[in-house]
1. Residues that are among the small types (Gly, Ala, Ser) and at pLDDT 95 or above: list the helices (runs of 4 or more DSSP H) wholly contained in region 236-341 that include at least 1 such residues.
2. Give the residue, chosen from 207, 159, that is surrounded by fewer than 16 Cβ atoms within 10 Å (Cβ to Cβ), touching a Phe, Trp or Tyr at 6+ places or on another chain (Cβ under 8 Å), in the same structural domain as residue 46 (by TED's automatic domain parsing) and not aromatic (Phe, Trp, Tyr).
3. From 304, 292, grab the single residue that is hydroxyl-bearing (Ser, Thr, Tyr) and exposed (fewer than 15 other Cβ atoms within 10 Å of the Cβ).
4. Sort through 256, 201 and tell me the only one that's assigned by TED's automatic domain parsing to the domain that holds residue 105 and either β-branched (Val, Ile, Thr) or farther than 16 Å from residue 158 by Cβ (or both).
5. Could you identify the single residue in 118, 166 that is loosely packed, with under 15 Cβ neighbours inside 10 Å, closer than 23 Å to residue 223 by Cβ and within 19 Å of the chain's Cα centre (by Cα)?
6. Report yes if residue 173 is at pLDDT below 95, assigned by TED's automatic domain parsing to the domain that holds residue 60 and of a type outside the set (Lys, Arg), otherwise no.
7. Would you pick out the residues in region 82-135 that are among the hydrophobic types (A, V, I, L, M, F, W, C), assigned to a loop (DSSP other than H, G, I, E, B) and free of Cβ contacts under 8 Å to residues at least 60 places away in the same chain?
8. Please work out which one of (1) out of contact with any Ser or Thr (no Cβ under 8 Å at 6 or more places or on another chain); (2) within 20 Å of residue 113 (Cβ to Cβ) is the condition residue 311 fails and give its number.
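The values are calculated or read from the model by the stated rules, or taken from the named source; none is laboratory data. Keep in mind it's a predicted model, so treat the numbers as computed, not measured. Quick reminder, even Gly has a Cβ in these numbers, built from the backbone with ideal geometry, and neighbours come from all protein chains shown.
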Amino acid sequence: MTVDIMYLKCGSVKRVFHRDSLSDKIKKKEKAEAHMKYLVIGAGGTGGSIGAYMTEAGKDVTLIARGEHLKKMQEQGLKMETTKKGNYTVHPVKAADMENYDEHPDIIFVCVKGYSLEETIPFIRRVAKENTVVIPILNIYGTGGRMQEKLPELLVTDGCIYIAAEIKEPGTIWQNGDIFRVVYGTRKKEDLRPELFEVAKDLKDSGIDGVLSENIRRDALQKFAYVSPMAACGLYYHVNAGDVQVTGEPRDTFVKLMKEIDALAVAMGVPFLVDIVATNLRILDSLSPAASTSMQRDIYAGKSSEIDGLIYEVVRMGKKYGVPTPTYQMIADKAREDGLQ
């Protein structure tokens, strides 16, 4: 009997076939019958959507949240307003704050903003088991490697997500767009574990396109090549997706920003295997015209934002790798003039 394992490679699917011994088959059967326990830190558009879809599919998932959002979920469940599946409520949903969570998960999805990442580290240390795997799903490139340095006793992968979603109000997630893909993987092939294949299966069972990447460094940078230019462009022109979906200066600037990331990818030794401009324009054009980036929403609300990792970091990367980033520099200069840190 053969087993096929799916990887993301060169924009297509690669299948690797191998024979199982009888003991391997028994072990895999036992593994399949054992349900993994998931913890999702952060119940915003990203984490809330993962938690809702997986809970609805019968997976053992707990969401970490706080404040009124947590209270509403505990009392009324998690309401989902989606263009993909319509409006519905997942109830009951397991939700807790960090102080009152007392389980020990197999998999931890970290779905907080970059500026909140530090506070998750002691919590992860407290609740993790020896074999717990941490999968950060953040907008900031290189998050997994930085977390691994602080959690050397655990396996921390890299990861990214394609979704347009946000908290509409406490207890309610608005998902405006059909794309929902989670891409994750290990930076070293020798760190690959069977649990990571199970995660892909559980995500797919839940209606999420779960992809175990063969080159997560490239794939995470490819996602960054969308979210960073879109955040920078949206902030500079004060526009949503609809204004960048039509011909004009914002769309032209979006393209220039993507080309600067493309040049960085080559200099970093992880050139994209797709036309990044055409690929990301298709993603952009599939979104609701009202879609915006979380960085924009945070800045407009006077909150902390991910501007350092999404804009200023690209300028620093350009200097590090000797790649000109004049469009990013222009936007960074304007943001600093506006007092945005």
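1. 241-244, 249-267, 276-286, 313-321, 326-337
2. 207
3. 304
4. Answer to the selection: 201.
5. After applying the criteria, what remains is 118.
6. When the stated conditions are applied, residue 173 does not pass them.
7. Residues of region 82-135 that are among the hydrophobic types (A, V, I, L, M, F, W, C), as a first pass: 90, 93, 95-96, 98, 107-112, 117, 121, 123-124, 127-128, 133-135.
After this cut, where a residue has to be assigned to a loop (DSSP other than H, G, I, E, B) as well, the list is 93, 111-112, 117, 128.
93, 117, 128, listed by residue number.
8. Among (1) out of contact with any Ser or Thr (no Cβ under 8 Å at 6 or more places or on another chain); (2) within 20 Å of residue 113 (Cβ to Cβ), residue 311 violates only (1).
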